[in-house]
1. Taking all protein chains as present, what is the carbon and sulfur share of the accessible area of the range 244-346, in % to the nearest whole number, probe 1.4 Å?
2. Positive end of the dipole of the range 291-450, charges at C-beta (+1 Lys, Arg; -1 Asp, Glu), about the Cα centre: which of I347, V438, F404 has its Cα farthest in that direction?
3. Could you tell me what percent of the accessible area of the range 400-447 is made up of carbon and sulfur, with a 1.4 Å probe and every protein chain present?
4. Each residue of the range 242-247 in order: what ³J(HN,Hα) in whole Hz does its phi give by Karplus 6.51 cos²θ - 1.76 cosθ + 1.60, θ = phi - 60°, with x for Gly and Pro?
5. Pick from P118, P27, P371: which is most flexible by mean-square fluctuation in a GNM of the chain where alpha carbon atoms under 10 Å apart are linked?
6. Could you work out how far apart the two model spin labels at V429 and L123 are, taking each label as a point 7 Å from the Cα in the direction of the beta carbon, and quote it in nm?
7. Would you please give the FRET efficiency between L187 and L249, computed as 1/(1 + (r/R0)^6) with r the Cβ-Cβ distance and R0 = 41 Å, to the nearest 0.05?
8. In debye to the nearest 20, how big a dipole does the range 97-210 give about its Cα centre with +1 on each Lys and Arg Cβ and -1 on each Asp and Glu Cβ?
Amino acid sequence: MAPDYSSPANGRTGLSPRRRVFALAWPLIVSNLTVPLLGLVDTAVVGHLPDSRFLGGVTLGATLFSFLYWGFGFLRMGTTGLAAQACGRDDLDDLIRLLGQSLMLAGLIGIVLISLHPLLIPLGLQLLDGSAAVTAEADRYARIRILSAPAVLANYALIGWFLGRGYSRITLLLMIVNNAANIVLDLAFVVGLGMTTDGVALASVIADYLTMAVGIGLALRAWQGWAWRRVSGVIAAIGDYRRLIGVNLALFIRTLCLLFAFAFFHSRGAQLGDVTLAANAVLLQFVLLASYGLDGFAHATESLVGQQIGANDRDGFRRVVRAAIEWSLATAVLASLGFALGGEALIALLTDLPDVQAVAGRFLPWMIAMPILAVGSYLLDGLFIGATRTRAMRDTMIIAVAGFYLPVWWLTQGLGNHGLWLAFVSFTVARSLLLGAVFWRSWRRGSWFA
């Protein structure tokens, strides 16, 4: 059922904080779990084609766009925090302006990416360094896939806006629409029409625009009764654009640092040998699995914290943060226990190569500790996004990379892959400690609600 836009929905309901956090988080966790399904279908469909270069091309192209689009994930995060605060203030006008401006910013960036694709795609594929045959198929995939840039970025903005208003079930609906359409079109184009990498790319493009159309269709109910004079304020309110761009620019820099951290991890792992690189890729799936749950509660925190700040409700803020901490810690402990009890079995499920299994098993203790060590970074990210304190996120991320991650890696190179994982874990813990210190100092000074 579509949400009622007659007044801004917010998190100040009769539910307890624990139930509010969970009610927002579970659709987000489920939507996170739908993402690997699409990858499995893409792999299965293209993997049955007669030449392996098609699978390699789709894999390489999808990797390129994962990094490219992830870099603009700030459109989701920045929109969530600002929408949540407007929701807490019961400011429907601000919510409408934010929606329009976020969509316009997403469209503009998407058009720029399409315009620059003759430069971006060759550069990205050169960095990924595939074989000539695989790179040719990846290029074929990418030149179609880039056409979805405005829709992908608009979907980020729509998901952020719905999440900020507390409509996490709508975000789940949009993910289901996107993945279901993608799967059906994959089968239709590749199996039905005999297409290859171009069919997979075209399926993604159509699915992204279909999702955008559904999202805008749901959101358009907010525009009922608006005169053009009020709608045109979306374009004219330059000050609001500065606010939106200021929040998003800091998040963009923060995201680039995070992308660098993962890229550096992969590149250093590659220098340790193919088996170690493969083992680390398997182990990173553990990190991904834990993130599904932790991200769900972090995103719920973004929405509810922003609403309490918008409403200037300090007591409500404390209760929401306490509930989010409880849920996040419980999720982290369960993930660590699951990895301790079933880690070897999961490694065997992910790879049947004995050498890779053996190496991954040696580093499994890092994965058992990771959820508990990383839980603070997820939760605090949610808290700071909800508060739109994105400069602090940017600054602490830069310090965590330059002051902890790289120095620890440099000092522990003699430890091989253990040193690499120690550097990565140090980076994660440093993010938690630095953001925690910023929050505590602001709270003690009484400036958090300023």
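1. 68
2. Comparing the listed Cα positions along the dipole, V438 ranks first.
3. 67
4. 4, 4, 4, 5, x, 4
5. Looking only at P118, P27, P371, the biggest GNM fluctuation is shown by P118.
6. Modelled inter-label distance: 3.7 nm.
7. Values: r = 41 Å, r/R0 = 0.99.
Step by step, r from the Cβ atoms, then E = 0.50.
8. Dipole about the Cα centre, nearest 20: 480 debye.
The values are calculated or read from the model by the stated rules, or taken from the named source; none is laboratory data. A quick note: this is a predicted structure, and the numbers were derived from the prediction, not measured. Glycine gets a Cβ as well: all are built from the backbone with ideal geometry, and neighbour counts include every protein chain shown. In case anyone asks, the SASA skips ligands and DNA or RNA and just uses the protein heavy atoms, side chains included. Shrake-Rupley method; radii C 1.70, N 1.55, O 1.52, S 1.80 Å.
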